[in-house]
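J.: Structure provided below as structure tokens; questions to follow.
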Amino acid sequence: MGRTLYEKIWEKHAVVEEQDQPSLLYIDLHLVHEVTSPQAFEGLRIKNRKVRRPDLTVATMDHSIPTTDRSLPFKDQIAKKQVDALAKNCREFGIKLFDLDSRNQGIVHVIAPELGLTQPGMTIVCGDSHTSTHGAFGALAFGIGTSEVEHVLATQTLKQFKSRTLAINIHGTLPQGTAAKDLILSIIGKYGHDFATGYVVEYRGEAIRNLTMEERMTICNMSIEMGARAGLIQPDERTFNYLKGKQAVPDGMEWEEAIAEWKKYYTDEDAEFDLTADFNAAEIIPQVTWGTNPGQVAGITEVIPLMEDLPADQIGPAKKALKYMGLQPGTPITEIGINKVFIGSCTNSRIEDLRKAAKIVNGYKVAEHVEALVVPGSQLVKMLAEAEGLDQIFICAGFQWREAGCSMCLGMNEDLVLPEERCASTSNRNFEGRQGRNARTHLVSPEMAAAAAIAGRFIDVREWPVKYSKEVSVQ
Ligand SMILES: CC(C)[C@H](C(=O)O)[C@@H](O)C(=O)O
Ligand code: SF4
């Protein structure tokens, strides 16, 4: 019988396999950030162990760092402590660190692909759930806990049980005016936020093949938001073209060899998945979450569901979510006003995201009562955006243009949504308190967030600007 992409990567990396026991997997790349690593390094120190493969370990600072002027001292002392500890640990254990002065610094899941560290067929781990992002390259990538971070640092291996496999076949192509974010939100909306629990998902089909690498990253990034262990997309010519010339990618003869190796990673035609789901991309419309999990989502032309229209098991959670969100069933999504906009996070802070958002805001003004932030995912994205003049488009429209980091995605630094403020956010999580205490998060695409910043409410980007020109301010 044929094998899936997942099984092929697994078999290549399984060092020890025993019946009913977790296998020991070899890890090709270990990504490290300041929040989940301090205790792991401390553990090594106590046991007097070294890092087994510092050359396969890469660290960055992203979660707790300020995104304002970096020449100023940190205001947050916990963040300062985490960042200093990471710098000390990396020095002591010989690990490459992209610190705040590095032009390669940024969100861990943005920098590894852009540097070409993420490659097809690899096993990649990080003490971070959105490690699933790297699956867009056909790498088996998943988040691990701090004790596992220590294990990988010490041994370059990880104990893992094999997951079940789920194929999501996505037919048709994305309609004009919709984004990869709308696609993944629609999928989670249709199947539920725990649909893929225990599975490794492979996204397949025409719609996926037609996505750019950055769009594929948005899809795989949110795999974890439907419970999946990891998300995977088969590598293809787009993957290879994206990687060509990247810093950590081989060139010359070695490039040919690398491609030959990468081409081995595909799902055989006769391979079987434990579960298969089908989805039609051609019918999706821009999405906005109204609740406190990403599956509580509606199309921009729809209303917040009436309780009687929901399946019985969803009514309780929906009522609780709406109470927290300060919303009523039956409210049209376009009547939801916002006062914060966050364009950033490892879901949607790459150059294509910023280009699409800039295209919408160009020439307009952020609504008076709205505070809007653009936080590029990495310093490289920031520099590229500045070279293209995108920063000026955002600044002229009234957005704040920040340094790279996780920022308002989880509010571990001072970039917070205040209690009962409502934020259109391009990030991936909307649970209670995610962006700040009592903060209300609506997950959307960069285009939808940009349009919401201008209109002060959710509007249909497919009709922007024609339908809305009378109600918005121009520069
Ligand atoms: C801080 C980190 C452990 C966390 C994660 O694992 O995902 C964060 O990145 C998040 O998005 O909530
Ligand atoms: S941007 Fe958000 S989701 Fe991504 S790693 Fe940072 S905190 Fe986690």
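No lab work stands behind these numbers, since they all come straight from the coordinates. Just so it is clear, the structure is predicted and the values come from calculations on it, not from any experiment. In this analysis, Cβ positions are derived from the backbone assuming ideal geometry, glycine residues included, and neighbour counts consider all displayed protein chains.
J.: Projecting each Cα onto the charge dipole of the chain (Lys/Arg +1, Asp/Glu -1 at the beta carbon, about the Cα centre), which of PRO175, LEU443, SER378 comes out farthest on the positive side?
T.: Checked the options; the winner is SER378.
J.: Quick one: angle between helix 146-155 and the longest Cα principal axis of the chain, in degrees between 0 and 90, rounded to 10, please.
T.: 30 degrees
J.: Using 0.36 nm times the number of residues separating MET253 and GLN328, minus their current alpha carbon distance, what extension gain do you get?
T.: 20.9 nm
J.: Further, regarding this structure: Once label points are set 7 Å from the Cα along Cα→Cβ at both ASP313 and VAL466, what is their separation, rounded to one decimal in nm?
T.: About 4.3 nm, to one decimal.
J.: Sequence gap at least 6, Cα distance under 8 Å: using those rules, report the relative contact order of segment 5-275 to the nearest whole percent.
T.: Rounded, it is 22 percent for segment 5-275.
J.: Round to the nearest 10 and give me the degree value, 0 to 90, for the angle of helix 77-93's Cα axis relative to the longest principal axis of the chain.
T.: So the helix axis and the longest Cα principal axis differ by about 20 degrees.
J.: Around GLY116, which amide H atoms from residues at least 5 apart in sequence, or from another chain, sit under 5 Å from its own amide H, with H modelled in the peptide plane?
T.: It is ALA248, by chain and number.
J.: If R0 is 35 Å, what FRET efficiency do you get for ALA282 and CYS396 from their C-beta distance, rounded to 0.05?
T.: After rounding, the FRET efficiency stands at 0.45.
J.: Set the Förster radius R0 to 25 Å, insert the Cβ-Cβ distance between GLU261 and ARG3 as r into 1/(1 + (r/R0)^6), and round the FRET efficiency to 0.05.
T.: Using R0 = 25 Å, I get an efficiency of 0.95.
J.: Averaging the inverse of every distinct alpha carbon separation and then flipping it gives the Kirkwood radius. What is it for the chain, in angstrom units?
T.: Every distinct Cα pair counted, the radius reaches 22.6 Å.
J.: Follow-up. Modelling each spin label as a point 7 Å along the Cα-to-Cβ direction, I'd like the GLU302/LYS190 distance in nm, to one decimal.
T.: Once both label points are built, they end up 1.2 nm from each other.
J.: Counting only DSSP beta bridges with both residues in the chain, tell me the antiparallel percent, nearest 5.
T.: 25 percent
J.: Counting each DSSP H run of 4 or more residues in the chain as -39500 (n - 2.57), what helix-only mean residue ellipticity at 222 nm follows after dividing by all residues, to the nearest 500 deg cm²/dmol?
T.: It comes out at -9000 deg cm²/dmol, rounded to the nearest 500.
J.: Near TRP401, within a Cβ-to-Cβ distance under 15 Å, what is the net charge of the other residues, with Lys and Arg +1 and Asp and Glu -1?
T.: Summing Lys and Arg as +1 and Asp and Glu as -1 gives -4.
J.: Can you work out the Karplus-derived ³J(HN,Hα) for every residue in segment 302-319? Use 6.51 cos²θ - 1.76 cosθ + 1.60 with θ = phi - 60°, whole Hz, and x for glycine or proline.
T.: 9, 10, 4, x, 7, 4, 5, 8, 8, x, 3, 6, 9, 5, x, x, 5, 4
J.: Helix 252-262: angle to the longest alpha-carbon principal axis of the chain, degrees 0 to 90, nearest 10?
T.: Taking Cα atoms only, the helix is inclined about 80 degrees.
J.: If R0 is 45 Å, what FRET efficiency do you get for GLU42 and LYS359 from their C-beta distance, rounded to 0.05?
T.: It comes to 0.45.
J.: With viscosity set to 0.890 mPa s and temperature to 25 °C, compute the Stokes-Einstein D of segment 76-124, Rh being the Kirkwood radius across alpha carbon pairs; µm²/s, no decimals.
T.: D = 198 µm²/s.
J.: Could you go through segment 230-241 in sequence order and give the Karplus-derived ³J(HN,Hα) for each residue, using 6.51 cos²θ - 1.76 cosθ + 1.60 with θ = phi - 60°, rounded to whole Hz, and x for Gly and Pro?
T.: Working through the residues one at a time gives 7, x, 9, 10, 4, x, 9, 4, 4, 4, 5, 4 Hz.
J.: List the residues, sorted by chain then number, that are 5 or more residues from GLU202 or on another chain and whose placed amide H is less than 5 Å from its amide H.
T.: Those lying under 5 Å, H to H, from GLU202 are LEU166, ALA167, ILE168, LEU232.
J.: Expressed as cubic angstrom per residue, what is the convex hull volume of the alpha carbon set of segment 302-411?
T.: Residue-normalised Cα hull volume stands at 129 Å³.
J.: Next question. Measuring from label point to label point, each 7 Å out along Cα→Cβ, what is the VAL16 to GLU388 span in nm?
T.: Result: 4.8 nm between the two label points.
J.: Would you work out if segment 5-275 is rounded, prolate or oblate? Take a ≥ b ≥ c from the square roots of the eigenvalues of the alpha-carbon gyration tensor; rounded if a/c is under 1.5, else prolate when a/b is larger than b/c, oblate otherwise.
T.: Because a/c hits 1.5 or more and a/b exceeds b/c, segment 5-275 counts as prolate.
J.: Let me ask another. Using a ≥ b ≥ c from the Cα gyration tensor of segment 189-301 (square roots of the eigenvalues), is it rounded, prolate or oblate, where a/c under 1.5 gives rounded and otherwise the larger of a/b and b/c decides, a/b for prolate?
T.: prolate
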